[in-house]
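Written out below as structure tokens is the structure these notes cover.
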Amino acid sequence: MGRVDGKVVLITGIARGQGRAHAVRLAEEGADIVGVDLLEDVATNSYPMATQADLDETVRLVEKLDRRIVVRKADVRDRVGLREAVDACVAELGGRLDGVVAQAGICPLGTDDAQAFLDAVSVDFNGVVNAVDAALPHLVDGGSVVATGSVAGLLTGSTDNPATGFGGLGYSFAKRSVAAFINDLALVLAPRSIRANAVHPTNTNTAMLNSDVMYKQFRPDLEHPTREDALLTFPRMNALPVGFVEPEDIAAMVLFLLSDESRYVTGMQMRVDAGAYVKNRPQQPTF
Ligand SMILES: NC(=O)c1ccc[n+]([C@@H]2O[C@H](COP(=O)([O-])OP(=O)(O)OC[C@H]3O[C@@H](n4cnc5c(N)ncnc54)[C@H](O)[C@@H]3O)[C@@H](O)[C@H]2O)c1
């Protein structure tokens, strides 16, 4: 018996990275999967988004586990288009959802252009609200909403500093907003026994972290830092002696929040951050 046997879960940003890891882990524990991904680049975001080949690979991995998966190309910024895509996928898979993982994201660091701020907010915050909106009509009582924030959104000076430009500012703003939205959403959905929790990862080993803009963020002293250069400073952020965690570490938390093991857990900000928050948060006043 799997930990999410027979559940159907919607995942945004499913083609690669954490989205793929969530799909595979949930499928291993008995869930069927509905997913969307943009499959196009975002002009202000310097590293590329996922491709059709990435999405095909996610589908292959889930089907290899003998679970069902239905995917569509859709943009979480487009509320109407996302709804249509989710409606069609859910109808194909039996007509109901037990959970949603709203986690499609971009990180347009280093772009000193207000458009980068707006793009980060549209994808990383509006995209979460739109995913919840698309899921809710199908979500059973007792369902679970999970949204991915970032420890960067909880700490001053991480992505909201002069080096990261307007795009970084937008990322922090969006991720803080995800935390606040989930906090309040938990109250609104509680009468239907639907839970809402946020997951806040530290550096995670995906295309978002393994990008030139991120290397520059961690090695501002070098003009063109490589991954090897950044690996030397990634660990500074965390309390535990690691530079980053794996997508599967985040998927373990997502699985818990989608399972009935967490049936009374709601309104939580779940950090999977190797202690980054406790290491870097501002001191509480002692007077
Ligand atoms: N990687 C990290 O270090 C890190 C740390 C903290 C939080 N996060 C968050 O984790 C989540 C997952 O990111 P990841 O690390 O897997 O990165 P990733 O770039 O590998 O994956 C992001 C996925 O979202 C998709 N996507 C982007 N914009 C979209 C849109 N408008 N509509 C639909 N799909 C879209 C991309 O195509 C891609 O498949 C994001 O919300 C990110 O902000 C990542």
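The values are calculated or read from the model by the stated rules, or taken from the named source; none is laboratory data. Note that the structure is a prediction, hence the values are computed from the model and not measured. No Cβ is skipped: glycine too gets one built from the backbone with ideal geometry, and neighbour counts run over all protein chains shown. Areas reflect the complete protein model, heavy atoms only, side chains present, ligands, DNA and RNA absent. Shrake-Rupley method; radii C 1.70, N 1.55, O 1.52, S 1.80 Å.
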With respect to Arg227, is the statement that it is in contact (Cβ under 8 Å) with a residue 24 or more places away in the chain and farther than 17 Å from Ala276 by Cβ true?
no
Within the stretch 93-106, is there a residue that is in contact with a Cys (Cβ under 7 Å, 6 or more places away or on another chain) and away from the ligand (no atom under 14 Å from the Cβ)?
no
Selection from the stretch 243-287 of residues that are in a loop (DSSP other than H, G, I, E, B), modelled with pLDDT of 95 or more and surrounded by fewer than 17 Cβ atoms within 10 Å (Cβ to Cβ):
Glu246, Arg263, Tyr264, Val265, Gly267, Met268, Gly275
Of residues in the stretch 41-56 being within 11 Å of the ligand (Cβ to nearest atom) and of a type in the set (D, E, K, R), the one nearest to Gly110 (Cα to Cα)
Asp41
Among the strands (runs of 3 or more DSSP E) lying completely within the stretch 42-148, list those that include at least 1 residues that are within 30 Å of Ala186 (Cβ to Cβ), among the small types (Gly, Ala, Ser) and touching a Ser or Thr at 6+ places or on another chain (Cβ under 8 Å).
97-102, 139-148
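Can you tell which of Ala198, Ala207, Ala179 is in a helix (DSSP H, G or I) and aliphatic (A, V, I, L, M)?
Values: Ala198 fails: in a helix (DSSP H, G or I); Ala207 fails: in a helix (DSSP H, G or I).
When all the criteria are applied, what remains is Ala179.
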Filter result for the condition that a residue is over 18 Å from the mean Cα position of the chain (by Cα) and β-branched (Val, Ile, Thr), over Val145, Val140, Val151, Val128
Val140
Please name all residue pairs, on different chains or six or more residues apart, with Cβ atoms under 6 Å, provided the first residue is in the stretch 133-144 and is closer than 17 Å to Gly94 by Cβ and the second residue is assigned to a strand (DSSP E or B) and open to solvent by less than 10 Å² (accessible area, probe 1.4 Å).
Ala135/Leu10; Ala135/Leu97; Ala135/Val100; His138/Leu97; Leu139/Leu97; Gly143/Gly99
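Consider Gly149 carefully, then state whether it is farther than 30 Å from Arg96 by Cα and open to solvent by less than 10 Å² (accessible area, probe 1.4 Å).
Numbers: farther than 30 Å from Arg96 by Cα: no; open to solvent by less than 10 Å² (accessible area, probe 1.4 Å): yes.
In short, no.
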Conditions first: (1) surrounded by 18 or more Cβ atoms within 10 Å (Cβ to Cβ); (2) under 22 Å from Asn238 (Cβ atoms). Ile194 passes all but one, so which condition is the exception?
(2)
Report, ordered by the first and then the second residue, all pairs with beta carbons closer than 6 Å, sequence separation of six or more or different chains, a first member in the stretch 1-22 that is open to solvent by less than 10 Å² (accessible area, probe 1.4 Å) and part of a loop (DSSP other than H, G, I, E, B), and a second member that is within 16 Å of the ligand (Cβ to nearest atom) and of a type in the set (Ser, Thr, Tyr).
Ile14/Thr58; Ala15/Thr58
Checked the stretch 85-113 for anything of a type in the set (Asp, Glu), within 22 Å of Val123 (Cα to Cα) and modelled with pLDDT of 95 or more; matches are Asp87
Among residues belonging to the stretch 243-279 that are farther than 22 Å from Gly157 by Cβ and of a type in the set (Val, Ile, Thr), point out the one that is nearest to the ligand (Cβ to nearest atom).
Ile250
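Conditions (1) within 12 Å of the ligand (Cβ to nearest atom); (2) under 23 Å from Gly275 (Cβ atoms); (3) crowded, with 21+ Cβ neighbours inside 10 Å, marked per residue:
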position	(1), (2), (3)
Lys175	yes, yes, yes
Asn183	no, yes, no
Thr204	yes, yes, yes
Ser211	yes, no, no
Arg236	no, yes, no
Pro241	no, yes, no
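How many of the residues in the stretch 24-40 are near the ligand (Cβ under 9 Å from one of its atoms) and either open to solvent by 70 Å² or more (accessible area, probe 1.4 Å) or of a type outside the set (D, E, K, R) (or both)? Spell out the reasoning first.
Within the stretch 24-40, the subset near the ligand (Cβ under 9 Å from one of its atoms) is 36-40.
Keeping just the survivors that are either open to solvent by 70 Å² or more (accessible area, probe 1.4 Å) or of a type outside the set (D, E, K, R) (or both) gives 36, 38-40.
Going through the stretch 24-40 one residue at a time, the tally reaches 4.
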Right, Arg3: basic (Lys, Arg), under 17 Å from Glu248 (Cβ atoms) and within 14 Å of the ligand (Cβ to nearest atom) or not?
no
